[in-house]
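Report on one structure; see the data block that follows.
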């Protein structure tokens, strides 16, 4: 990768949910760390990308939706935001576009910009190995490159002629393994004799609304005596109010934890119950034994059963091809099934120790021990940019023809 000191790259970054916001912020930081170029960033993001200098063209929460049940009522607004984004990209004419995850929105933006001549890199390869495998072939028409988080993903895209590079999983840079249990207990005034159970109901309104009643019922119908246990609830900023409101009347001692204290909280947890998602890998990195749950709206549930063909859903189980983490999903996400699974992970020390041992194997597969994922991703994007410059991009040629 070459470098031209003093030159400026304008990069348009689109993130649609908190995990993407974290990826985007780390990517922006990495660009500046590995290159002496100047960078201008535009696009859509949350607080973490804002801290790196991005002024989002509209709130990221406007596109943080998942499942047909959630998306349909918001379709007019999503279409409006989609068109606003495309218009903004065309007006700014960036040197590159980086779309981060959220394929339902970001890939539609990419498709509308396929004739713009601007290289488009999609960060977080869609799970074409799990469902909708035909997407890999279609994406070749409007993407320049895909950045994969999992080592086995590139061949699924490369066989269709779409370059794909494994850059490692960003959880390795999250800091989830650097928390302090002592600091957390001291700050939240929790005695050493209290056991701590983590409750992570999700990062979207629909997720927490569906999961919290099930979690509450599971705790209440469990055979475990929770008298000496406190609940620890790390809060995503966009669902903080709704979670606090719904849990305010629970008959448990609850500690609501800010994003700043999340990894200290993880270090103090004995076990956790978590909605399926990126947090699973954060818990693994922090050595927290857990069970995973996920409940969908009826229509989304029906479609998931028909379209997704996987033995496991939790990424830890997928990577090791065995049921390391108990999965209570869809029809199985009900208190009478969750309670005994939670009881096992809470009371059986050997089971917790085996989970933690398996976590170490997973982290190796995610790229532990190599260059940081954010750095690898930034280098991959810059390589695309520099290759485009050398060849003379369609965008540049069109500009020259119009003079």
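The values are calculated or read from the model by the stated rules, or taken from the named source; none is laboratory data. Just so it is clear, the model here is predicted, and its values are computed rather than measured. Don't worry about glycine lacking a Cβ; one is built from the backbone with ideal geometry, like all the others, and counts go over all protein chains shown.
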**Request:** Hey, could you check segment 39-66 for residues that are surrounded by fewer than 22 Cβ atoms within 10 Å (Cβ to Cβ) and in contact (Cβ under 8 Å) with a residue 60 or more places away in the chain and say which is nearest to residue 125 (Cα to Cα)?
**Result:** 66
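Taking residue 116, is it surrounded by fewer than 21 Cβ atoms within 10 Å (Cβ to Cβ), more than 23 Å from residue 239 (Cα to Cα) and in contact (Cβ under 8 Å) with a residue 12 or more places away in the chain?
Considered against the rule, which asks whether it is surrounded by fewer than 21 Cβ atoms within 10 Å (Cβ to Cβ), more than 23 Å from residue 239 (Cα to Cα) and in contact (Cβ under 8 Å) with a residue 12 or more places away in the chain, residue 116 comes out as yes.
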**Complete:** Taking segment 71-88 and keeping only residues that are at pLDDT 95 or above, touching a strand residue (DSSP E or B) at 6+ places or on another chain (Cβ under 9 Å) and either surrounded by fewer than 23 Cβ atoms within 10 Å (Cβ to Cβ) or more than 24 Å from residue 39 (Cα to Cα) (or both), one is left with 88
**Prompt:** Within segment 247-255, is even one residue in a helix (DSSP H, G or I) and over 20 Å from residue 329 (Cβ atoms)?
**Reply:** yes
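Hey, among 382, 351, which residue is on the phi < 0 side of the Ramachandran plot, surrounded by 16 or more Cβ atoms within 10 Å (Cβ to Cβ) and either under 20 Å from the mean Cα position of the chain (by Cα) or modelled with pLDDT of 95 or more (or both)?
Going through 382, 351 in turn, just one is on the phi < 0 side of the Ramachandran plot, surrounded by 16 or more Cβ atoms within 10 Å (Cβ to Cβ) and either under 20 Å from the mean Cα position of the chain (by Cα) or modelled with pLDDT of 95 or more (or both): 382.
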**Message:** I'm trying to understand the selection: among the residues of segment 200-237, which are assigned to a helix (DSSP H, G or I), exposed (fewer than 15 other Cβ atoms within 10 Å of the Cβ) and in contact with a helix residue (DSSP H, G or I) (Cβ under 7 Å, 6 or more places away or on another chain)?
**Reply:** 221
**Asked** What about residue 240, is it in the same structural domain as residue 288 (by TED's automatic domain parsing), outside any helix (DSSP H, G or I) and under 19 Å from the mean Cα position of the chain (by Cα)?
**Response** no
**Asked** Which ones in segment 51-66 are out of contact with any strand residue (DSSP E or B) (no Cβ under 8 Å at 6 or more places or on another chain) and closer than 11 Å to residue 15 by Cβ?
**Response** 64
**Message:** Can you find, within segment 15-38, the residue that is nearest to the chain's Cα centre (by Cα) among those that are crowded, with 16+ Cβ neighbours inside 10 Å and more than 20 Å from residue 174 (Cα to Cα)?
**Reply:** 35
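If the requirement is being touching a strand residue (DSSP E or B) at 6+ places or on another chain (Cβ under 8 Å) and farther than 17 Å from residue 286 by Cβ, which of these qualifies: 193, 202?
Details: 193 fails: touching a strand residue (DSSP E or B) at 6+ places or on another chain (Cβ under 8 Å).
None of the other options fit; the residue is 202.
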**Request:** Given the conditions (1) modelled with pLDDT under 95; (2) more than 20 Å from the chain's Cα centre (by Cα); (3) crowded, with 21+ Cβ neighbours inside 10 Å, report the number of the one that residue 342 does not fulfil.
**Result:** (1)
**Request:** Of the conditions (1) part of a strand (DSSP E or B); (2) modelled with pLDDT under 95, residue 301 clears all except one; give me its number.
**Result:** (1)
